[in-house]
Amino acid sequence: MQHSGEPSFRQSVDLMFNRAVRLMDLPPGLEEKIRVCNSTYTVRFGVRLRGKIETFTGYRSVHSEHMEPVKGGIRYALSVNQDEVEALAALMTYKCALVETPFGGSKGGLCIDPRQWDDHELEQITRRFAYELIKRDLIHPAQNVPAPDMGTGEREMAWIADQYARMNTTDINAKACVTGKPPHAGGIQGRVEATGRGVQFALREFFRHPEDVAKAGLAGGLEGKRAVVQGLGNVGYHAAKFLSEEDGVKITAIIERDGALVDDRGLPVEAVRAHLAATGGLAGFAGAEFVADGAAVLEKPCDILIPAAMEGVIHMGNAARISAPLIIEAANGPVTFGADEILRQKGTVIIPDMYANAGGVTVSYFEWVKNLSHIRFGRMQRRAEEARSRLMVEELERLSADKGLGWTLSPDFKEKFLTGSDELALVRSGLDDTMRTAYQAMREVWHGREDVGDLRVAAYLVSIGRVAQTYRSKGL
Ligand code: GLU
């Protein structure tokens, strides 16, 4: 979505990059090398469908190969174009550097409305697109590893993995060619929820720092805060679900394609999602007010605004009217460069996309490592951990009985203490640690430098610094 007088998405990302890199002292020419997109491959291919040949256009863009493989999702949408794919690939580079996943940045896209095709047709299209990318090593466990993005999910990733395996029958690491696969096809527990979970962990970490919370003009913890969520897709749904069910956040509005639902007491996220899945929209949901002008609801007073849909939804045309003091960018690029300037002037705190939605690629990294190591996380340790805990509990109980102390361990404590970590628990723990560490790296720059006034610039400084360091150690 591009509004008049605004730069394109890729230009917007570059402008944000420039704003930050100005504050750095990089060797001459390195700035340009880091900013530019290394390559974009465009493919047009035909698939025989419904009695005729349909031609599709797809892209795979590689922004930076300072680390390989390069990483980033594949998007299915009619709005996909080269500019967008390049902007998203650049964001992947910065995102991976910020959360320390050892990848360069890449992104893919196919111009298609996935809802127009049935399962079997989508499989044919996906396999053909994958074939085109695989034969050019643009899908490869050591070189380029896609994942889901808007319009794609586990199903598409399973087709891609199978297509790669068919074309590389002796590659023992074939499963690592793509992440976001279903668990039964080499995926990992917790990947589907990962981006939404990451948004939750990011907010929890933000609210652990009263100083930062005060910068947004807020106080206290997450409990009772009012959040407006735009987009109830995979990311928005999981973020809204976890925040409302586990942190006491009230989801006071949900915005989707056809309009918004509003309820100041807090919306039942599960029920709204079920209604959306059944009807394709929010209209007609009983028990909450429906507002047809969804975009206007972005401006509704709340504590936290969570854009979790598309890029460019907060632009120069509406930025001044956004009333939320805190925005967390669950989507990639939801705030344009121009809007970002307006919001900064207003004092709005923005938790930037490259950090806020990095949960997806973080768990993708765990999946890739799992595939390369050919063993599920926790398989070796889990029961040993449980045995050790049991020993401790039994010893405590024996001591208590021996000495007549009358101690009893609560059943809840015992159950939790005696349960060894399975894959899901380990994935969540790794994700939590990643989100906390990355926030602290950004925060140090935000608070530590006079010339850094916001988290986005801080995020860019951290990630560009890391990319530059990798280049330096390569002798460039
Ligand atoms: N498409 C997601 C993103 O924008 C995930 C990428 C990945 O897991 O590689 O971060």
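Values in this text are rule-based calculations from the coordinates and carry no lab data. Keep in mind that what you see is a predicted model, and the values were worked out from it rather than measured. Here the Cβ is made from the backbone with ideal geometry for all residues, glycine too, and neighbour counts use every protein chain on show.
Some points to look at:
- Leading residue by the ranking (surrounded by the most Cβ atoms within 10 Å (Cβ to Cβ)) among those in segment 4-41 that are β-branched (Val, Ile, Thr) and closer than 22 Å to Ala458 by Cβ: Val13
- Matching entry among Arg48, Arg60 (being touching a Leu at 6+ places or on another chain (Cβ under 9 Å), charged (D, E, K, R) and closer than 19 Å to Glu132 by Cβ): Arg60
- Residue check for Ala239: within 18 Å of Gly294 (Cα to Cα) and surrounded by 21 or more Cβ atoms within 10 Å (Cβ to Cβ): no
- Members of segment 16-74 that are part of a strand (DSSP E or B) and closer than 19 Å to Arg472 by Cα: His63, Ser64, Val70
- Residue in segment 41-49 that is out of contact with any Ser or Thr (no Cβ under 7 Å at 6 or more places or on another chain) and under 21 Å from Phe103 (Cβ atoms) present: yes
- Pairs with Cβ under 8 Å, 6+ apart, first in segment 404-418 and free of Cβ contacts under 8 Å to residues at least 40 places away in the same chain, second charged (D, E, K, R) and outside any loop (DSSP other than H, G, I, E, B): Trp407/Glu397; Leu409/Glu397; Leu418/Glu386; Leu418/Arg390
- Scanning segment 179-196 for residues that are outside any loop (DSSP other than H, G, I, E, B) and within 13 Å of the ligand (Cβ to nearest atom) gives Ala194, Thr195, Gly196.
- Scanning segment 127-172 for residues that are buried (at least 22 other Cβ atoms within 10 Å of the Cβ), of a type in the set (S, T, N, Q) and either away from the ligand (no atom under 16 Å from the Cβ) or more than 23 Å from the chain's Cα centre (by Cα) (or both) yields a single hit, Gln163.
- Residue in segment 93-108 that is small (Gly, Ala, Ser), in contact (Cβ under 8 Å) with a residue 60 or more places away in the chain and in contact with a Ser or Thr (Cβ under 7 Å, 6 or more places away or on another chain) present: yes
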